[in-house]
Amino acid sequence: MKLSPSQTLHQIAALIGCKYVGAPDFQITGINEIHKVESGDLMFVDHPKYYDKALQSAATAILINKEVECPNGKVLIISDDPCRDYNFLTRHFSPWKMTEGNRGKDVRIGADCAIHASVVMGENICIGDRCIIHPGVVLYDNVNIGNDCIIHANAVLGSDAFYYKARPQGREKMHSCGSVEIGDRVEIGAACTIDKGVSGDTRIGAGTKIDNHVHVGHDTVIGENCLFAAQVGIAGCVVIEDDVILWGQVGVPSDLHIGKGAVVLGQSGLSKDVEGGKTYFGSPADEARQKFRELALVRKLPEVIQKLGL
Amino acid sequence: MKLSPSQTLHQIAALIGCKYVGAPDFQITGINEIHKVESGDLMFVDHPKYYDKALQSAATAILINKEVECPNGKVLIISDDPCRDYNFLTRHFSPWKMTEGNRGKDVRIGADCAIHASVVMGENICIGDRCIIHPGVVLYDNVNIGNDCIIHANAVLGSDAFYYKARPQGREKMHSCGSVEIGDRVEIGAACTIDKGVSGDTRIGAGTKIDNHVHVGHDTVIGENCLFAAQVGIAGCVVIEDDVILWGQVGVPSDLHIGKGAVVLGQSGLSKDVEGGKTYFGSPADEARQKFRELALVRKLPEVIQKLGL
Amino acid sequence: MKLSPSQTLHQIAALIGCKYVGAPDFQITGINEIHKVESGDLMFVDHPKYYDKALQSAATAILINKEVECPNGKVLIISDDPCRDYNFLTRHFSPWKMTEGNRGKDVRIGADCAIHASVVMGENICIGDRCIIHPGVVLYDNVNIGNDCIIHANAVLGSDAFYYKARPQGREKMHSCGSVEIGDRVEIGAACTIDKGVSGDTRIGAGTKIDNHVHVGHDTVIGENCLFAAQVGIAGCVVIEDDVILWGQVGVPSDLHIGKGAVVLGQSGLSKDVEGGKTYFGSPADEARQKFRELALVRKLPEVIQKLGL
């Protein structure tokens, strides 16, 4: 999320009662997570394993639980619990409240749209021209939809990330204040769910077509002209390049990368990044031709066992 | 879809600017796809591989991209892009527009029904006697529901087929103008999605019971007294005979045929037609007893590998 | 379900026209199924295989299709079709009717809740303090939600059990008159479906977090602080202890028991009870380390086949 107006280091640190390293009037222009940060952003890190990655990231303000050396051109905010304080800041700058009725504040709708009266829209919604939004669709806050999109009945866009910090007293919900960005000519099936980013965006590229009951997790970025069949489940922070085809009921765990033009056959479950231009099958998935060869060999096991007298 | 009133060959050809072979006043009474056509119907074919099948089908008017010999009693319309022109015709004769409010035109509801006020119905809906339709259900245009049916909350019936023509500039949506036909005593679970046919029907036979989150694709025909557990996914153009049981999360790809009384165990994925009266398991599925034998043999692999010193 | 006021043996037997064994004024205080009964409850049994279990259960009134010896302190009702008569009784004491508008009778809502106007609630609903219920959520009758819960858009709580009695003329629907009980701090994802108990409760323990598109069947009991990722499917009458993690698209068939702290990896399908504290994978699932070892050995099959000259 971008801060508008931007805040000074001193202002941010004062909000969470932390000391800091850097010029008090250093400008912080956004808040984001490691995989999404750019210059001007504040990010948090609370595990030594990720200190270096955080300090060397594009983020210029680091909320951290150790007084490390401050990199050039950056600032530090020292917190005993960076995650808690990050969560406080996102809630502070992007507080949620239930929209009254079916249209929130700052809803802009383009020309020649057909949007059923039962569609519920939160705040900060932008819909392009010639879109069709069928009955029962729910758009949470911060959803942008391009031109010529079709959203089928009872789909949900912008629901919260499934993202918790484990605490001794239970799981603490991380506040979701990101957005959903849908490109032009995207079609989203009935009863699909597309979660918003935690503090960044969940993106679906132009021309991508998504069948019914598909789930897309927070901060996932999907390319152009992809095709996802019914009941595909894609976790959070996944990157899917252009022209990828996922057949029905495929599962993609978090943080994976799928290369351009990859095809994943029905019911497969990926367990690692996969290169583009190839076809995959199985759970866990391998290249399809290898997997089919294995399946053929498994059918020879009776012969093997017999020959060995086992 | 049936054309009412029927059209002449000349009228249809003029709409799409095509020349034709046959008597100008030859009657065209419907528009449908290859797997659904009957006498009087217009169908399209755009690949030489399917020319013979199309010309020998029950359809009496063929929209085709080559000047082939015209079979007896049939007519041809010659188009440089039969798919584009077919899509134009279905949109022309069955244009879609968003229904205002919660009840479209031509909605007929039988006696003693309980239909929640939040249920949204498009045009051309027929609901039998003693039906219960729970809150949040959305019925698109052209949905017929028999007697004594129960449709659970937030289910969607009649959503568009997931069906596109690949074009160099991206995927072109095929217009869905077919219907959904639900027999008597059918129960459909919460959040299910049943797509309409492209130009034919998606059918669910009498007495069939469907659990939550089940997806049924376009033009699929399901028999009587079937039982589908939660999260089953059935693609388009599938034929399922009577008394079939699909347990939870089973996947059925498009165009398959499942014989009467077949049982498919949970999470299985079919890859080919299966005979009735048998039990199947696995992804890809085989007969269950063979699959379970294979699984038992796989557990013997450590012995095999050890014995062979591999 | 509890009967309020309680009924006498004579009253109940008269309703279904059955003779009985026991004092006419014996008090029947509830109606429930075998896995849920307590003292004062009526249950039914219609198969000799389960007679002993039924007669020795905590239930004190047994609706049975044979004149067996009546255990001490219990009563019998003799019926030619106990299932039909049980179904009659639950419908009689807990008749269903469609709620008019968006709020049924006996809806109690705690302090500081944010509940969207589009949310539909049936009868006998109790919601704790500080709950958020997003647009399009449907609560059927008999749903209790604790404090600090979040229910995401288009989720459905309290839909009917997927439960039928097979009859020669088709499947007879068992009436669902149980409830859904949600503990404190539970979060339920968009488009989830949680079925009510048939005559008992479906329970989700405090602190449990559930992602989008998850299905929970009737009478299932889920512990505290569990985590279920998207598209998990849990059938009816399952028991899941505390701290269990089910990753995306996991399937759990009916009547299984999952021990405390078990972890089931994505797309796995359980086929039997599993102990707590361990990690499982596969369909059917085994302990993950064993399953991964098997998968590695399967990859050695080409060598095996070659060495054996098969």
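Descriptive notes on the structure:
- Net charge dipole size for the protein assembly as shown [Lys, Arg +1 and Asp, Glu -1 on Cβ; Debye, nearest 20]: 1360
- Residues along segment C:203-222 losing 20 Å² or more of accessible surface when the other protein chains are present rather than the chain by itself (probe 1.4 Å): C:Lys209, C:Asp211, C:Asn212, C:His213, C:His215
- In order along segment A:166-178, the Karplus-derived 3J(HN,Hα) couplings, from 6.51 cos²θ - 1.76 cosθ + 1.60 at θ = phi - 60°, round to 6, 10, x, 8, x, 8, 9, 5, 7, 5, 9, 10, x Hz, and Gly and Pro are given as x.
- A convex hull fitted around the alpha carbon atoms of chain B yields 172 Å³ per residue.
- 7 Å along Cα→Cβ, label-point gaps from C:Pro95 to other copies, nm, shortest first: 4.8, 4.9
- Of all DSSP bridge pairs formed entirely within segment A:215-310, close to 15 percent run antiparallel.
- Relative contact order for chain C, counting Cα pairs under 8 Å that sit 6 or more residues apart, in percent: 8
- Accessible area per residue in Å² at 1.4 Å probe, computed on the protein assembly as shown: 38
- When you restrict to C-alpha pairs under 8 Å that are six or more residues apart and normalise by the size of segment A:216-310, the relative contact order lands at 17 percent.
- Gaussian network model of chain B, Cα within-10 Å springs - most flexible of B:Lys272, B:Lys49, B:Lys300: B:Lys300
- Loss of accessible area when A meets C, both sides summed, Å² nearest 100, probe 1.4 Å: 3400
- Here is the list for segment C:19-114: GluC sites (Glu not before Pro) lying in DSSP coil, each with at most 16 other C-beta atoms within 10 angstrom of its C-beta, are C:Glu38, C:Glu67, C:Glu69, C:Glu100.
- GNM on chain A, alpha-carbon springs under 10 angstrom: the most fluctuating residue among A:Ala59, A:Ala166, A:Ala13 is A:Ala166.
- Portion, in percent, of the accessible area of segment A:2-93 that falls on carbon or sulfur, probe 1.4 Å: 51
- Solvent-accessible area assigned to carbon and sulfur over segment A:122-266 amounts to 50 percent, based on a 1.4 Å probe.
- Relative contact order (%) - segment A:185-252, alpha-carbon pairs under 8 angstrom, separation at least six: 28
- When +1 charges are put on Lys and Arg Cβ atoms and -1 charges on Asp and Glu Cβ atoms, the dipole computed for chain C relative to its Cα centre reaches about 760 debye.
- For chain B, a Gaussian network of Cα nodes joined below 10 Å ranks B:Tyr163, B:Tyr50, B:Tyr280 by mean-square fluctuation, and the top entry is B:Tyr50.
- Gyration tensor (alpha-carbon) shape descriptor, segment B:183-257, a/c threshold 1.5: rounded
- Over all distinct Cα-Cα pairs of segment B:1-159, the Kirkwood formula returns a hydrodynamic radius of 17.6 Å.
- Pairs exceeding a 31 Å alpha-carbon distance, out of B:Lys173/C:Lys196; A:Lys196/C:Lys272; C:Lys49/C:Lys173: B:Lys173/C:Lys196; A:Lys196/C:Lys272.
- Shown for segment B:137-163: residues covered by the partner protein chains by 10 Å² or more of accessible area relative to the chain by itself (probe radius 1.4 Å), namely B:Val138, B:Tyr140, B:Ile150, B:His152, B:Ala153, B:Asn154, B:Val156, B:Ser159, B:Asp160, B:Phe162.
- Sequence-ordered 3J(HN,Hα) estimates for segment B:126-136 from the Karplus curve with 6.51, -1.76 and 1.60 and θ = phi - 60° stand at 9, 10, x, 7, 6, 8, 10, 10, 6, x, x Hz, glycine and proline given as x.
- Structure-based [θ]222 nm, the protein assembly as shown - -39500 (n - 2.57) summed over DSSP H runs of at least 4, per residue, nearest 500: -4000 deg cm²/dmol
- Annotation: amide H of A:Val107 within the under-5 Å range of A:Asn124, A:Ile125, sequence separation 5 or more or interchain, hydrogens built in the peptide plane.
- Summary for B:Tyr51: label point 7 Å along Cα→Cβ; distances to the equivalent points in the other copies, ascending, 7.4, 7.4 nm.
- Shielding by partners - mean other protein chain Cβ count within 10 Å, residues of B:99-112: 1
- Charged neighbours of C:Lys36, selected by a Cβ distance under 15 Å, balance to -4 (K, R count +1; D, E count -1).
- Net length gained if the chain between C:Ala296 and C:Glu275 were fully extended (0.36 nm per residue, minus Cα distance): 5.1 nm
- Two-site FRET efficiency, A:Asn72 against A:Lys2, from Cβ-Cβ distance with R₀ of 30 Å, rounded to 0.05: 0.80
- Pseudo-label separations to other copies for B:Lys260 - Cα-to-Cβ vector, 7 Å, nm: 5.3, 5.3
- Solvent-accessible surface, computed for protein heavy atoms with a probe of 1.4 Å, shrinks by 10 Å² or more for the following residues of segment A:248-264 when the other protein chains are added to the isolated chain: A:Gln249, A:Gly251.
- Expressed as a whole percent, the proportion of Cα-Cα pairs in segment C:2-93 lying more than 15 Å apart is 51%.
- The P(r) of the protein assembly as shown has a tail past 45 Å containing 33 percent of all C-alpha pairs.
- Here each label is just a point 7 Å from Cα along the line to Cβ, and for A:Gln306 and C:Ala58 those points are 5.5 nm apart.
- Size of charge dipole - segment A:104-241 - debye, nearest 20, with Cβ of Lys, Arg +1 and Asp, Glu -1, no other charges: 440
The values are calculated or read from the model by the stated rules, or taken from the named source; none is laboratory data. A quick note: this is a predicted structure, and the numbers were derived from the prediction, not measured. Here Cβ is always computed from backbone atoms with ideal geometry, including for glycine, and neighbour counts include all displayed protein chains. These accessible areas exclude ligands, DNA and RNA; they are computed on the full protein's heavy atoms, side chains included. Shrake-Rupley method; radii C 1.70, N 1.55, O 1.52, S 1.80 Å.
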